[in-house]
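Reading through the structure tokens given below for one structure.
Every number here is computed from the coordinates shown, using simple stated rules; none is lab data. Quantities reported herein were computed from a predicted structural model and do not represent experimental measurements. Cβ atoms come from the backbone with ideal geometry, glycine included; neighbour counts cover every protein chain shown.
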Amino acid sequence: MFAQFFGGYLFNRKLCTAEDLTQAFEAKKHTRLRLGVLAINAGLMTAEQVEHVNITQQSVDKRFGDLAVELGYVTADDVEKLLAQQPTDYLLLGQTLVNNGALTNAEFEKAINDYKAENQLADDISDNQNEKLHNLIKEFYHFDSAENARICTDYVTLLFKDIIRFIGDDFTPLEASIVNSVNAENIVVQKIKGSYDATLCVCADNAPYIAIAERFAKESFAEVDDFVNATVGEFLNVNDGLFIVNESNENGVELTLTPQEFIKNGSVSFTSTAFRIPVSFPFGTIDFIIANE
Amino acid sequence: MNINDMTVLICDDSMFARKKLSMSMSNFGVKAVYEAADGSEAVEKFREFKPDVVFMDIIMPKVTGLEALKQIIAEFPDAKIIMASSVGTQGHLKEALKVGAVDFLQKPIADEDAMKVLENVAKGVL
């Protein structure tokens, strides 16, 4: 999931467009990580040195690693260690954006270094590191300003895991905003009741609403009808259910859910701080709302 | 009992959840699948069809799955009711088993878990 948040970081800083990211998420499935990208990520080579090796390679029939050693940029040991690394998802995204011409090596170098520094991430960031992911999400959405930062962070971390699990990994998280109400062509609302109350929503216009239902149900739909509502509602219900199971198991908090409500061309108002979490997919943007009432 | 002789009642307010589980049941080759969209309908359909297995959601409008479970067990103490819900907390699990549910499945329900339930009912384990 670090790839998606690195994508969100690049987008929010206008270093690449949503279209660049959509293309890169598709192309990265077939992208092989280059040694130059790994060397930049590890801080062993600068973007300028990588460019120099790339240019030299055009006139010399030698591999990148051998040339980089010959030019004195890295040692043979460094090359061996870099090659032994497992490719990480966020580096593959960066590599693909460089390959597609959306970023230069120099822009990539600056972006990856700034991103790691801003999020206090070490060189070994990779998937399956829950605590780092948790911190990344808290920082990305500035949940520290929320009264219940822990609840918001836990909920959104699970939400993104479930998006990857049930919808797909080709999304970019966009910057959150604080709202008092939302309106959309389609809104699904589910409430959490118990030790604390919360309102969770999925909001989308017709086309992305149908598309997210199609991904979850793995079938095609022509228009928004009761079955499409039930499908998006079930995605929210499964996610919210897993959240309250986690709350019970990990934090001893007992909660329950209300049946989902479906609102067509309408709005929902919140009595307390509500975070709007927009997520950009190739088929459009879906807004997820968490309001800790 | 053979799975091909079984009748199943699926109680869930989500049309999507009912369709998905119903398709799985048909693929397993059960004899008949009935559906109910809330707890009240679940009780009525149970009285009418006396299904061999019931998959019961918990969060439903009007009458909840736990209330429907209580009503069905009060009338039919041997009913094989499996709670199939997104809210599989220890609290819900304990309450459902106390009232008479024979098993609990966390949503989303994997086909192999649903099949295992049918096999266990067929073997008389549940």
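Where the eigenvalues come from the Cα gyration tensor of segment B:3-123, what are the semi-axes √(5λ) of the equivalent ellipsoid, largest first, in whole Å?
On the way: eigenvalues 70, 48, 42 Å².
Largest first, segment B:3-123 gives 19, 15, 14 Å.
Mark the label point 7 Å from the Cα of A:Val60 along Cα→Cβ and return the residues of segment A:68-99 whose backbone N is within less than 19 Å of it.
Only A:68-80 fall inside the zone, counting backbone N under 19 Å.
Can you compute the modelled spin-label distance between A:Lys110 and A:Asn130, with each label point 7 Å from Cα toward Cβ, in nm?
3.8 nm
Remind me, relative contact order of segment B:6-107 in percent, using alpha carbon pairs under 8 angstrom and six or more residues apart? Walk me through the numbers before you get to the answer.
On the way: 187 pairs, mean separation 25.6, N = 102.
Averaging sequence separation for qualifying contacts and normalising by length gives 25 percent for segment B:6-107.
Based on the Kirkwood radius over alpha-carbon pairs, what value in µm²/s does the Stokes-Einstein equation return for the translational diffusion coefficient of segment A:19-111 at 4 °C and 1.567 mPa s?
Details: Rh = 13.5 Å.
Estimated via Stokes-Einstein, D reaches 96 µm²/s.
About the Cα centre of chain A, what is the dipole size in debye to 20, counting +1 per Lys and Arg Cβ and -1 per Asp and Glu Cβ, all else neutral? Mind showing how you got there, number by number?
On the way: 22 positive and 44 negative charges, 41 e Å.
With only Lys, Arg, Asp and Glu charged at Cβ, the dipole is about 200 debye.
Using a Förster distance of 60 angstrom, determine the FRET efficiency expected from the C-beta separation of B:Asp113 and A:His52, and round it to 0.05. Don't jump to the answer; show the numbers that get you there.
Working: r = 57 Å, r/R0 = 0.95.
FRET efficiency, B:Asp113 to A:His52: 0.60.
Can you give the charge dipole size of segment A:2-131 about its Cα centre, rounded to the nearest 20 debye, using +1 on the beta carbon of Lys and Arg and -1 on the beta carbon of Asp and Glu? Display every interim value, and only then the final one.
Details: 11 positive and 20 negative charges, 61 e Å.
For this selection, approximately 300 debye.
Filter A:Lys29/A:Lys110; B:Lys19/B:Lys50; A:Lys28/B:Lys107; A:Lys138/A:Lys191 down to the pairs with a C-alpha to C-alpha distance above 26 Å, please. Could the numbers behind the result be given before it?
Values: A:Lys29/A:Lys110 24 Å; B:Lys19/B:Lys50 20 Å; A:Lys28/B:Lys107 32 Å; A:Lys138/A:Lys191 22 Å.
Exceeds cut-off: A:Lys28/B:Lys107.
Let me see the pair-distance distribution of segment A:146-292: every alpha carbon pair, 10 Å bin width, integer percents in order.
11, 45, 36, 7, 0
Taking Cα centroids, how far is segment A:245-271 from segment B:1-42 in Å?
The distance from the Cα centre of segment A:245-271 to that of segment B:1-42 comes to 27 Å.
Suppose R0 equals 30 Å; then what is the FRET efficiency for A:Asp77 and A:Arg165 from their Cβ-Cβ distance, rounded to the nearest 0.05? Don't skip to the answer; put the middle values down first.
Numbers: r = 39 Å, r/R0 = 1.31.
For R0 = 30 Å, the calculated efficiency reads 0.15.
As I understand it, the dipole of segment B:1-80 uses +1 on the Cβ of Lys and Arg and -1 on the Cβ of Asp and Glu, about the Cα centre. Which of B:Asn27, B:Ala42, B:Ala17 lies farthest toward its positive end?
B:Asn27
Could you size up the charge dipole of segment B:1-56 around its Cα centre, putting +1 on the beta carbon of Lys and Arg and -1 on that of Asp and Glu, and report it in debye to the nearest 20?
On the way: 7 positive and 9 negative charges, 39 e Å.
Taking the Cα centre of segment B:1-56 as origin, the dipole is about 180 debye.
Among B:106-119, A:53-66, B:51-64, what's the highest-first ranking by average C-beta atoms within 10 angstrom per residue? List each step's numbers first, then the result.
Numbers: B:106-119: 17.0, A:53-66: 13.1, B:51-64: 23.1.
Going from most to least packed, we get B:51-64, B:106-119, A:53-66.
Want the number for A:Ser272 to A:His142: 0.36 nm per residue separation, take away the alpha-carbon distance, what's left?
On the way: separation 130, 0.36 × 130 = 46.80 nm, distance 1.68 nm.
So the extension gain works out to 45.1 nm.
Using the Cα atoms as the points, what is the convex hull volume per residue of the protein assembly as shown in Å³? Please report the intermediate quantities before stating the final value.
Details: hull volume 69.7 nm³, N = 419.
Convex hull volume per residue, Cα atoms: 166 Å³.
Would you work out which of A:Gly101, A:Phe235, A:Thr157 lies farthest towards the positive end of the dipole of the protein assembly as shown, given +1 charges on the beta-carbon of Lys and Arg and -1 on that of Asp and Glu, about the Cα centre?
Going by the Cα projections, it comes out as A:Phe235.
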